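Report on one structure; see the data block that follows.
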Amino acid sequence: HDWPTKTRSVAALNARLRAANATPEPAFPTGWNRWGGCQTMPLRPATGFFGTHHDGRRWWLVDPDGCAFWSTGMDCVSANITCPIGGLEKALSWQPPRTGAFAQVWSKYYDSDVINYLKANYIRAFGQDWLPAWTRQTLGFMRQTGLNTVANWSDWQVASQAGFPYVRPLNERLPHCPRVFRDFPDVFHPSFAADCAAY
């Protein structure tokens, strides 16, 4: 198959990733502050923390600068894009070496070997110190497209270090509260409030 923007070589791949990393980092759209909040809607004094505010009619999310914050996020923001290769080995034109710089791209999924080609490509372009480039490009793309939250099942530690809004997954432990469907608890059960408080 062929298409106009196809990357045709490792050299072209490296050049494309390095060029993307050399451009000015995209910002949020005009009128948004550094958190992705609405600069024209200050709701309370800055506290340095995300929170909530009730304006007498409705509840708002508020960013650390005190501005209204509409969280628009994307799940699974991570450099962990993997490909199980069991049974496909002969179809692959390149498999990273299993040792050295590329050892970190290999894992297992049940009995199948797995390769993280995204990480391998960043290692090709930036070496062992590839994560800052991936972070800069990924969060820059999110800002440019109006996404202001690294949402659930993501690499929230990377977002935190970059000062980018994020959510953390909570693996609740409600030992006394029965489930009504899969992992959803019976929120009307007498033990629900106590379990939540303990958690």
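Exactly one of these conditions fails for LEU61: (1) open to solvent by 60 Å² or more (accessible area, probe 1.4 Å); (2) part of a loop (DSSP other than H, G, I, E, B); (3) within 20 Å of VAL150 (Cβ to Cβ). Give me its number.
Checking LEU61 against (1) open to solvent by 60 Å² or more (accessible area, probe 1.4 Å); (2) part of a loop (DSSP other than H, G, I, E, B); (3) within 20 Å of VAL150 (Cβ to Cβ), the one that fails is (2).
What is the residue count in region 160-180 for residues that are free of Cβ contacts under 8 Å to residues at least 12 places away in the same chain and open to solvent by less than 60 Å² (accessible area, probe 1.4 Å)?
Going through region 160-180 one residue at a time, the tally reaches 2.
Taking into account only those residues within region 104-114 that are among the hydrophobic types (A, V, I, L, M, F, W, C) and farther than 22 Å from ARG18 by Cα, which is least open to solvent (accessible area, probe 1.4 Å)?
VAL114
For region 123-153, what are the residues that are in contact (Cβ under 8 Å) with a residue 40 or more places away in the chain, open to solvent by 10 Å² or more (accessible area, probe 1.4 Å) and among the hydroxyl-bearing types (Ser, Thr, Tyr)?
Hit for region 123-153 is THR138, nothing else.
Return yes or no: is ALA27 under 30 Å from SER71 (Cβ atoms) and part of a helix (DSSP H, G or I)?
Considered against the rule, which asks whether it is under 30 Å from SER71 (Cβ atoms) and part of a helix (DSSP H, G or I), ALA27 comes out as no.
Given the conditions (1) open to solvent by 50 Å² or more (accessible area, probe 1.4 Å); (2) in a loop (DSSP other than H, G, I, E, B), report the number of the one that LYS90 does not fulfil.
The one condition LYS90 does not meet is (2).
Restricting attention to region 64-79, report how many residues are of a type in the set (S, T, N, Q) and surrounded by 15 or more Cβ atoms within 10 Å (Cβ to Cβ).
2
Of all residues in region 1-22 being charged (D, E, K, R) and part of a loop (DSSP other than H, G, I, E, B), which is surrounded by the fewest Cβ atoms within 10 Å (Cβ to Cβ)?
ASP2
Return the residue satisfying two criteria in turn: it lies in region 23-58 and is crowded, with 17+ Cβ neighbours inside 10 Å and small (Gly, Ala, Ser), and of such residues it is farthest from GLY163 (Cα to Cα).
GLY37
Quick one: TYR122 ticks every box in (1) at pLDDT 95 or above; (2) aromatic (Phe, Trp, Tyr); (3) not in a helix (DSSP H, G or I) bar one, so which box is it?
Status for TYR122: all satisfied but (3).
Quick one: which residue in PRO64, PRO96, PRO26, PRO84 is in contact with a strand residue (DSSP E or B) (Cβ under 6 Å, 6 or more places away or on another chain) and touching a residue at least 12 places away in the same chain (Cβ under 8 Å)?
Among PRO64, PRO96, PRO26, PRO84, only PRO84 is in contact with a strand residue (DSSP E or B) (Cβ under 6 Å, 6 or more places away or on another chain) and touching a residue at least 12 places away in the same chain (Cβ under 8 Å).
Would you check if THR82 is β-branched (Val, Ile, Thr), more than 20 Å from ARG16 (Cβ to Cβ) and exposed (fewer than 12 other Cβ atoms within 10 Å of the Cβ)?
no
With the checklist (1) farther than 26 Å from LEU61 by Cβ; (2) in contact with a strand residue (DSSP E or B) (Cβ under 8 Å, 6 or more places away or on another chain) in hand, flag the one item PRO175 doesn't pass.
Of the numbered conditions (1) farther than 26 Å from LEU61 by Cβ; (2) in contact with a strand residue (DSSP E or B) (Cβ under 8 Å, 6 or more places away or on another chain), the odd one out for PRO175 is (2).
Just a yes or no: is a residue in region 102-118 in a loop (DSSP other than H, G, I, E, B) and closer than 30 Å to ALA198 by Cβ?
Looking through region 102-118, none of the residues is in a loop (DSSP other than H, G, I, E, B) and closer than 30 Å to ALA198 by Cβ.
So which residues in region 140-199 are part of a strand (DSSP E or B), under 15 Å from the mean Cα position of the chain (by Cα) and modelled with pLDDT under 95, if there are any at all?
none
The values are calculated or read from the model by the stated rules, or taken from the named source; none is laboratory data. Please read all numbers here as calculations on a predicted model, not as lab measurements. Cβ sites come from the backbone with ideal geometry, for glycine too, and all protein chains shown count toward neighbours. Remember, those area values only see protein heavy atoms, side chains included, never the ligands or the DNA or RNA. Shrake-Rupley method; radii C 1.70, N 1.55, O 1.52, S 1.80 Å.
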